[in-house]
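Notes to accompany the following structure.
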Amino acid sequence: MAKAGYDKIAEEYKTSKQLPFRKYIEEYTLVSLAGRVEGLSILDMACGEGIYARKLKRLGTSGVLGVDLSPEMIRLAEAEEKVTNLGCEYLVCDAKDLAIDREFDLITGMYLLNYAQSREELHQFCQAVYKHLKPGGRFIGFNDNPHNQPRYYGSYRKYGFIKETPENRKEGDYIRYVMYNPDGTTFHFNNYYLLPETYEEVFRTVGFKEFSWEGPFLNPDETENNFWSAFMLQPPMIGFTAGK
């Protein structure tokens with residue numbers, strides 16, 4: 001979706017962060033993959049309204065720069081920064097075009113890579129990450145799960161969303177998320193499908209030493225709750241980690 005599209009749904013997208021899967025799976029997976037972050041410099045690409053930039057800053061990082069292509073998302077992030085005064089910085093920029101004279105210990109991409117509509121665009125995203133990552137640094141994130149089979153796409157309604165895709169899904173096809181917020185609002189946006197092997201090949205080509213799919217992980221407080229069984233049986237999203 002172009003930046004104008006996200007400008008229009010910025011408030012609804014922020015509200016969607018109240019859905020339970022955001023906390024018990026999305027956030028828990030990110031924090032698990034990040035590990036100890038005290039003193040680390042962090043670049044949060046596709047930061048949205050800054051929810052995870054703030055979360056990571058509160059965990060003791062030395063600094064967090066959030067980048068997003070949507071001016072309205074960054075406006076919301078900066079408005080929250082005025083309230084929390086955590087020291088997070090924000091920048092309006094398309095992640096694949098980022099070119100600043102800084103390197104970071106850890107880069108996060110929460111739903112960044114699934115906006116690539118082709119192998120070439122994915123390469124641009126990964127290359128932008130690589131050039132801003134310190135040697136020995138890590139790139140972690142959360143992504144639409146390319147292993148997720150379309151026959152399950154309609155089964156996630158109780159979690160606050162469904163997924164849609166063309167019949168006989170192929171590389172470059174859209175994956176539409178229709179979100180149902182706790183306040184009754186509904187909105188949608190598109191991700192794009194690339195094969196798992198495409199992701200793995202692009203990471204190798206860019207120069208990452210390692211890449212692996214991880215999780216998603218369910219908060220242990222919820223492991224006895226059968227509510228999450230359909231989600232975890234065929235996860236619609238997945239984590240990943242890569243090292244430079």
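The values are calculated or read from the model by the stated rules, or taken from the named source; none is laboratory data. All values reported here derive from a predicted model rather than from experimental measurement. Every residue, glycine among them, receives a Cβ derived from its backbone with ideal geometry; neighbour counts consider all protein chains shown. All accessible areas refer to the heavy atoms of the entire protein, side chains included, with ligands and DNA or RNA removed. Shrake-Rupley method; radii C 1.70, N 1.55, O 1.52, S 1.80 Å.
Quick notes on this one:
- Distant-in-sequence amide H partners of Thr61 (H built 1.01 Å from N, under 5 Å): Gly39
- Centre-to-centre separation between the Cα atoms of the stretch 115-132 and those of the stretch 184-244: 17 Å.
- Lysine pairs in the stretch 1-111 with Cα atoms under 14 Å, if 8 or more residues apart or on separate chains: 4
- Distribution of pairwise C-alpha distances over the chain, 10 Å bins, in %: 7, 33, 40, 19, 1
- Mean separation of Cα contacts under 8 Å, 6 or more apart, over the residue count of the chain: relative contact order %: 21
- Packing-based order for 98-105, 53-60, using average beta carbon neighbours within 10 Å, highest first: 53-60, 98-105
- Annotation: peptides 128-138, 168-178, ranked by per-residue average of other Cβ atoms within 10 Å with the highest first, follow the order 128-138, 168-178.
- Alpha carbon centroid spacing (whole Å) that separates the stretch 166-180 from the stretch 82-110: 29
- Dipole magnitude of the stretch 119-244 about its Cα centre (Cβ charges: Lys, Arg +1; Asp, Glu -1), debye to nearest 20: 280
- Given +1 at the Cβ of Lys and Arg, -1 at the Cβ of Asp and Glu and no other charges, the dipole of the chain around its Cα centre is 200 debye to the nearest 20.
- With 5 Å bins from 0: P(r) over the stretch 93-185, alpha-carbon pairs, percent: 3, 11, 18, 19, 15, 13, 12, 7, 2, 0
- Here Lys244 is the anchor, and the lysines within straight C-alpha reach of less than 16 Å, apart from those fewer than 8 places off in the same chain, are Lys131, Lys134, Lys209.
- Each of Asn145, Cys88, Gly66 was placed along the dipole of the chain (beta-carbon charges, centred on the mean Cα), and the one lying farthest toward the positive end is Asn145.
- Among beta bridges that DSSP assigns inside the chain, antiparallel share in %, nearest 5: 55
- Note on the stretch 1-111: Kirkwood radius taken over Cα pairs, Stokes-Einstein applied at 20 °C and 1.002 mPa s, translational D equal to 152 µm² s⁻¹.
- Protein heavy-atom surface of the chain, 1.4 angstrom probe: 48% of the accessible area is carbon and sulfur, with nucleic acids and ligands not counted.
- GNM result for the chain, Cα springs below 10 Å: residue of Gly87, Gly66, Gly35 fluctuating most strongly: Gly35
- Cα-based reach from Lys170 at 14 Å (exclusive), listing aspartates and glutamates while leaving out same-chain residues under 8 positions away: Glu197
- Potential extension, Glu224-Arg119 segment - 0.36 nm per residue separation minus Cα distance: 33.9 nm
- Based on the reciprocal of the average 1/r between different C-alpha atoms, the Kirkwood radius for the stretch 112-244 equals 16.0 Å.
- Solvent-accessible surface of the stretch 61-130, taken per residue with a 1.4 Å probe and all protein chains present: 42 Å².
- Taking every Cα-Cα distance in the stretch 57-129 and sorting them into 10 Å bins from zero, the calculated P(r) comes out as 17, 47, 30, 6, 0 percent.
- For the stretch 76-208, the relative contact order is 24 percent, taking Cα pairs closer than 8 Å that sit 6 or more residues apart in sequence and dividing their mean separation by the residue count.
- Farthest positive-ward along the stretch 135-216 dipole, Cα basis, beta-carbon charges - from Tyr174, Phe211, Tyr159: Tyr159
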